[in-house]
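The values are calculated or read from the model by the stated rules, or taken from the named source; none is laboratory data. No experiment lies behind these values; they were computed from the predicted model shown. Using ideal geometry, Cβ is built from the backbone for each residue, glycine included, and neighbour counts are taken over all protein chains shown.
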There are 2 protein chains.
Amino acid sequence: MTALVLIIIGGLLSIAYGIWATKSLMAADSGSQRMQEIAAAIREGATAYLKRQYITIAIVGVVIFALVAWLLSPTVAFGFAIGAVLSGAAGFIGMNVSVRANVRTAQAATKSLAGGLELAFKAGAVTGLLVAGLALLGVAVYFTVLTQFMGLAANDRVVVDALVALGFGASLISIFARLGGGIFTKGADVGGDLVGKVEAGIPEDDPRNPATIADNVGDNVGDCAGMAADLFETYAVTAVATMVLAAIFFAGQPILDTIIIYPLAIGAVCVATSIAGTFFVKLGPSQSIMGALYKGLIATGVLSIAAIALVNLVLFGGFGTEFKTNGGVAFTSGDLFACAVLGFVVTALIVVITEYYTGTGKRPVVSIAQASVTGHGTNIIQGLAVSLESTALPTLVIIAGILSTYSLAGLFGIAVAVTAMLSLAGIIVALDAFGPVTDNAGGIAEMSGLPKEVRKATDALDAVGNTTKAVTKGYAIGSAGLGALVLFAAYSEDLKFFSANPTEFPYFKDVVIDFSLSNPYVVVGLLFGGLLPYLFGAMGMMAVGRAASAIVEEVRRQFRENPGIMDYKVKPDYGRAVDMLTKAAIKEMIIPSLLPVLSPVVVYFVIYFVAGGGAAGKSAAFSSVGALLLGVIVTGVFVAISMTSGGGAWDNAKKSFEDGFTDKDGKVHQKGSEAHKASVTGDTVGDPYKDTAGPAVNPMIKITNIVALLLLAILAHH
Amino acid sequence: MTALVLIIIGGLLSIAYGIWATKSLMAADSGSQRMQEIAAAIREGATAYLKRQYITIAIVGVVIFALVAWLLSPTVAFGFAIGAVLSGAAGFIGMNVSVRANVRTAQAATKSLAGGLELAFKAGAVTGLLVAGLALLGVAVYFTVLTQFMGLAANDRVVVDALVALGFGASLISIFARLGGGIFTKGADVGGDLVGKVEAGIPEDDPRNPATIADNVGDNVGDCAGMAADLFETYAVTAVATMVLAAIFFAGQPILDTIIIYPLAIGAVCVATSIAGTFFVKLGPSQSIMGALYKGLIATGVLSIAAIALVNLVLFGGFGTEFKTNGGVAFTSGDLFACAVLGFVVTALIVVITEYYTGTGKRPVVSIAQASVTGHGTNIIQGLAVSLESTALPTLVIIAGILSTYSLAGLFGIAVAVTAMLSLAGIIVALDAFGPVTDNAGGIAEMSGLPKEVRKATDALDAVGNTTKAVTKGYAIGSAGLGALVLFAAYSEDLKFFSANPTEFPYFKDVVIDFSLSNPYVVVGLLFGGLLPYLFGAMGMMAVGRAASAIVEEVRRQFRENPGIMDYKVKPDYGRAVDMLTKAAIKEMIIPSLLPVLSPVVVYFVIYFVAGGGAAGKSAAFSSVGALLLGVIVTGVFVAISMTSGGGAWDNAKKSFEDGFTDKDGKVHQKGSEAHKASVTGDTVGDPYKDTAGPAVNPMIKITNIVALLLLAILAHH
């Protein structure tokens, strides 16, 4: 109980930080009348979009809540609600801070780069810490309620199911928010660029472009709220999956009550170290923004290792305590500590690799810039080649992570490593969430006619934001891949447990699970699971294409019907573009989001009938669904990494031309050259790749896994 | 023995057809002096390339031959040599017919479309039937020699190993030929287009473009010789894998000697029906080329069903004979017949689906053409979305194929279905291999200044060739996916057999194989296998990019140093471009080709050491390698289908503009419009997608599988 109280206090720290940081943000100068007008338009658009998105999700959510309450129990359904509401809250609050920090960052950047960075980063840190803190609080508080106040055992099925449902609630919000936000932001970006930059020949963020406010709204609803929901989900689901594994592995052992809160304790201390880390982010004399951010990250990492060592001392009395799972795997508390440290190593490697693949001046980005010299086609060919190649090293890191942590402490070791990885979510999201703030600040500077130097400062911040965005996505997908393996382990262990106790769970009578690759039902499941990220990616890309086309037509219409817009005589109707995109994004997000929710259920019943029903049908169907979960991880990891890294590389290849790109023959290609135009094409393609389809694969993988776990729970319940 | 003799006679039929068809081709009018000159240049370039490619492969081949002879036995190594030599021969003869048929087709097209089709198709049919016939002969003759003359039992390890080695020989040629040919042809195509069409503003196949002969050479070495080697390999490997499965499933049963030649018998009768089918390809009064080709395909399908029924009667005495594998799976000869028919159904569905995704006027191609209206970026976004989406239906067809044939006759049922699918290779390759002939004919017509109508006729043939090329690739990858499952089954059954007989195979003492998805070594293998097609695809795309850049620079140099080229005063130096590409393609094909050859071996030994060596290390390593084989299938199928279908769709979206594309607002976009230019970008991207990286994934999947089988054989031998 004391430990749980301390964990909850750890979570509350993030809220305290959020309040303090927001207050100090709001106290900053919010700029001129014109700047405030623009910021207000962005704020209104973002709030209106999020309201509409949440109403739509709420309708789906209420239906699912009722279903879960009916099929399982109200306690479990309440877990679902907690996950959904807190995930939504993290995104909502983060975005609200972000849309207020943007204008203040623009104003601060008129004075100094350091001032701009400070405000933008503080806004990002609020989002980051709320993501980690609220996820931790949700799981910890509900677990305390269930075990301490309702008196359930830590491994009681109700507790397990309620936690899984909490993860499901978070996943559901996250897939909608990722997709909806992604379609909104990239529809605005692609559409606005096509008709503004290419057709009308006006610069980005020009106030004459009717899509420009929508573009800035998109940064907030996609890159801020969508990303926050995604990481909230990964965090909550991983903590839950690790706890579920602990509940299975240590059922009946006295150590259970302690080891089950180990993941929460790691999370709690890392909230504190992440807060401490934010204070290390300070622009040094070298004026390197990336350097400042890395200082914060490294400080958090080092402090976290010390803090987790402390957790080991408090919970297990040190590093020599021996454990043995019910399956017979033996390891020490020191092994678990080593797994946590390996989780940090995996994070560090993924950060470095992603920076290599997306950073300006590195071989992959330079090769795309070079390929732009010979045209649009070669830019795309090279970009696709880089995107395919960029999957290799992260996959090898994931493989090494699995092998090393598994050899230390079996499946539970993998779970602890992922938990440790995600305990850094607070600081990692902070590094990312300042991106949309600076992007907006640049837009506001442009639209309100601030001096060029301001735009230069915000552009410098924005370029770094591009890389940190890619890094966060690499981190999210890497941890999601590993986290999903933990979920799969929970699925197979659950299944083992149910079929071993057929008297208690009569549905599982005579069910024999054969997860062997030589079982054709497993092969079929792998192929079907492998298909999902492809189909889902196709849907996301097409949705952006349609939304962008609608924006192109709307902007063309406004230019045609109001020629005064181009002479600054008439203000364009920004609201209509925002409104159109809102409708399009909400409409387009529904069907792809339901794909991973329904797939495990449909596959289960189809295979059940194909295999002739009865116990044989159940056995075949459980095997197929299990394989589906791994299939979706296997192709999902590649689809997601290739899209997010490839997109980031295309984006920065375009940025290489902004100060002139020197090709291999020494010729300099300026902004506006043919080579630059080819690089803009690559950037346009990379937009939905990296900001819509790619990152949405991440919640998609986990929602498939968690639905399968719930399906098991429901079948066991009947 | 009688049956084997009949099978060999069936194979010989293809050679008889080849001789007859080639004679009647050579008798046709070979056109004007100028046409013959151009054709000679293409012929020389193609022969020089192939000679160089084969010399390089021969060096690798000799090393492997020696290794196999040393590690296994000369008999097995001889199998390797047969596979390699015959696969090379099929490509070599096919290409030699093709480079002679091109000029005759151009000449015939000056008279009539029907005449052009007849000659081009006849040339394609020679390649197609030689592919099927030589593969059948290679397997059947060597099997006869081993079992009848050397007196070995059909399931003797030497027979099994020798057949696997034969498959390996074919695979090795095929991956080199696919990659080398693919890099050559697309380097020429992309590079030539970039500098000719885009920079110099001269049409495709213009005689002033120094890369134009290289482009025509590329059609022959890539689309003809490369494709022939690929299908030869798929055919041989599938027949071998099915025979290996039969040897395991029916070891010790009297039926073994009959059932093991069932796949060969199916292949033999289908050579005959494919020859018959070629005579149904006749242009009807509607002048529909696709219709004429379909007539041939449908006729072959119907005749083949009847012929396989006959095989059932002769070998098994009808449809009611009951079999039971040593594993206890029971089925009848009627079930096997049904599986063969289902193999045809899968083929038909894949043909129809691929035609839908790549055919002009269908939704996917139209959507890409429509997206071109808003620019290069949206063309690519939509093309990528279509390429991702195009994987869904073929995968579902493969899944349905697995489920239905498995429920009829277990793993052997799947194997028979794939065998039946591939028995149609003769006619399917015929439908495809006429493409490069007509493509070349168009080039010759353009370069020799034949009247516009001739080019129109060859263009009409060429457009159909685009779709049939995509169809063949869909067929190849679909059958490769299923065939690889059969190979995986052979791997796991072999492994089961070895570890069950540790006294005979002491290396396998105490080895326990756990292919369960909950085994982390399996997960690691899946991820590593999944990575291979991505890395391989990246290498292929980059190789084309590099080759194309080299060509761009060479053509620019020639234009600069010889300004007379543009005024037709000086003949460009065609030979240099051919020579450069030859060197580039040969150099670039080596490393990617070795990736799948070495991966299973490296993974085996790395995992062996990571897992601590000994029996535990072996067990872990065998599990990882097995999972690697499935991982490479799971992502390979998606990578290959998305690349080949997406590329075909981009190509035909471009073709939609040639007679003017009417967009959704009714505006017509002509050739040369901005929308057309955007569609050319898509086509350029699609080129290496569909003709280099995508199709090469197919042999890559199988080579990984077959190397794993050989590795097993070698370990068992020691």
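Just one of the listed residues (B:I641, B:I633) is closer than 25 Å to A:V634 by Cα, touching a Phe, Trp or Tyr at 6+ places or on another chain (Cβ under 8 Å) and of a type in the set (A, V, I, L, M), namely B:I633. What do you reckon, is B:A409 in contact (Cβ under 8 Å) with a residue 40 or more places away in the chain, within 14 Å of chain A (Cβ to nearest Cβ) and either closer than 18 Å to B:M290 by Cα or buried (at least 24 other Cβ atoms within 10 Å of the Cβ) (or both)? The answer is yes for B:A409.
Counting residues in segment A:333-350 that are among the polar types (S, T, N, Q) and either over 21 Å from A:A425 (Cβ atoms) or touching a Lys or Arg at 6+ places or on another chain (Cβ under 6 Å) (or both) gives one or more. When segment B:508-518 is filtered for residues that are within 13 Å of chain A (Cβ to nearest Cβ) and either touching a residue at least 60 places away in the same chain (Cβ under 8 Å) or of a type in the set (A, V, I, L, M, F, W, C) (or both), the ones remaining, listed by number, are B:V512, B:I513, B:D514, B:F515, B:L517. For segment A:202-217, a residue qualifies if it is more than 14 Å from every other protein chain (Cβ to nearest Cβ) and either under 19 Å from A:T692 (Cβ atoms) or surrounded by fewer than 24 Cβ atoms within 10 Å (Cβ to Cβ) (or both), and the qualifying residues are A:I202, A:P203, A:E204, A:D205, A:D206, A:P207, A:R208, A:A214, A:D215, A:N216, A:V217.
The residues of segment A:290-311 that are β-branched (V, I, T) and more than 23 Å from the chain's Cα centre (by Cα), listed by number, are A:V302, A:I305, A:I308, A:V311.
Is it fair to say A:A480 is under 30 Å from B:E493 (Cα atoms), assigned to a helix (DSSP H, G or I) and within 14 Å of chain B (Cβ to nearest Cβ)? Taking the combined requirement at face value, the residue does not satisfy it.
Scoring A:A500 on the criteria (1) in contact with a Pro (Cβ under 6 Å, 6 or more places away or on another chain); (2) surrounded by fewer than 24 Cβ atoms within 10 Å (Cβ to Cβ) leaves a single failure, condition (1). The selection criterion, being more than 11 Å from chain A (Cβ to nearest Cβ) and on the phi < 0 side of the Ramachandran plot, does not hold for B:A371. Within segment B:266-300, the residues that satisfy the criterion of being small (G, A, S), touching a Gly at 6+ places or on another chain (Cβ under 8 Å) and either closer than 26 Å to B:T22 by Cβ or in contact (Cβ under 8 Å) with a residue 40 or more places away in the chain (or both) are B:G267, B:A268, B:A272, B:S274, B:G277, B:A292, B:G296, B:A299. Mind checking whether some residue in segment A:424-432 is within 14 Å of chain B (Cβ to nearest Cβ) and either assigned to a helix (DSSP H, G or I) or touching a strand residue (DSSP E or B) at 6+ places or on another chain (Cβ under 9 Å) (or both)? No - not one qualifying residue is present in segment A:424-432.
Looking only at segment B:536-568, residues that are more than 8 Å from chain A (Cβ to nearest Cβ) and among the polar types (S, T, N, Q) come to 2 in all.
For every residue, the table says whether it meets (1) in contact with a strand residue (DSSP E or B) (Cβ under 9 Å, 6 or more places away or on another chain); (2) under 20 Å from A:V602 (Cα atoms); (3) among the β-branched types (V, I, T); (4) within 13 Å of another protein chain (Cβ to nearest Cβ).
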| residue | (1), (2), (3), (4) |
| --- | --- |
| A:L487 | no, yes, no, yes |
| A:S492 | yes, yes, no, yes |
| A:L495 | no, yes, no, yes |
| A:A500 | no, no, no, no |
| A:P506 | no, no, no, no |
| A:P520 | no, yes, no, yes |
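Checked against the criterion of being in contact with a helix residue (DSSP H, G or I) (Cβ under 8 Å, 6 or more places away or on another chain), within 26 Å of A:D459 (Cβ to Cβ), small (G, A, S) and surrounded by 24 or more Cβ atoms within 10 Å (Cβ to Cβ), segment A:655-671 has no qualifying residue.
B:P572 meets each of the listed conditions (1) assigned to a helix (DSSP H, G or I); (2) buried (at least 16 other Cβ atoms within 10 Å of the Cβ) apart from (1).
Taken over segment A:665-676, residues that are at pLDDT 90 or above and within 12 Å of chain B (Cβ to nearest Cβ) amount to 0. Exactly one residue out of A:R104, A:R100 is touching a Leu at 6+ places or on another chain (Cβ under 8 Å), crowded, with 24+ Cβ neighbours inside 10 Å, basic (K, R) and at pLDDT 90 or above: that is A:R104. The residues in segment B:375-395 that are more than 8 Å from chain A (Cβ to nearest Cβ) and surrounded by fewer than 24 Cβ atoms within 10 Å (Cβ to Cβ) can be counted, and the count is 1. Selection within segment A:354-368: residues that are more than 14 Å from chain B (Cβ to nearest Cβ), in contact with a Ser or Thr (Cβ under 8 Å, 6 or more places away or on another chain) and part of a helix (DSSP H, G or I). The member of this set that is nearest to A:S656 (Cα to Cα) is A:V365.
For segment B:649-699, filtered to residues that are of a type in the set (S, T, Y) and free of Cβ contacts under 8 Å to residues at least 24 places away in the same chain, the residue that is nearest to B:A470 (Cα to Cα) is B:T662. Regarding A:A616, is this residue buried (at least 22 other Cβ atoms within 10 Å of the Cβ), within 14 Å of chain B (Cβ to nearest Cβ) and in a helix (DSSP H, G or I)? In short, no. Checked against (1) free of Cβ contacts under 8 Å to residues at least 12 places away in the same chain; (2) under 30 Å from A:F657 (Cβ atoms); (3) away from chain B (no Cβ under 14 Å); (4) not aliphatic (A, V, I, L, M), A:G328 passes all but condition (2). Residues that are of a type in the set (A, V, I, L, M, F, W, C), assigned to a helix (DSSP H, G or I) and touching a Ser or Thr at 6+ places or on another chain (Cβ under 8 Å) within segment B:494-537 comprise B:F508, B:V522, B:V524, B:L527, B:F528, B:L531, B:L532, B:L535, listed in sequence order. Checking B:L119, B:L172 one by one, the residue that is surrounded by 24 or more Cβ atoms within 10 Å (Cβ to Cβ) and under 28 Å from B:A39 (Cα atoms) is B:L119 and no other. When every residue of segment B:129-138 is checked against the conditions, none turns out to be free of Cβ contacts under 8 Å to residues at least 60 places away in the same chain and over 30 Å from B:F249 (Cβ atoms).
All told, B:P533 falls short of being within 9 Å of chain A (Cβ to nearest Cβ), over 27 Å from B:P699 (Cα atoms) and buried (at least 22 other Cβ atoms within 10 Å of the Cβ).
Answer with yes or no whether B:G151 is assigned to a helix (DSSP H, G or I) and without any contact (Cβ under 8 Å) to a residue 24 or more places away in the chain. The answer is no for B:G151.
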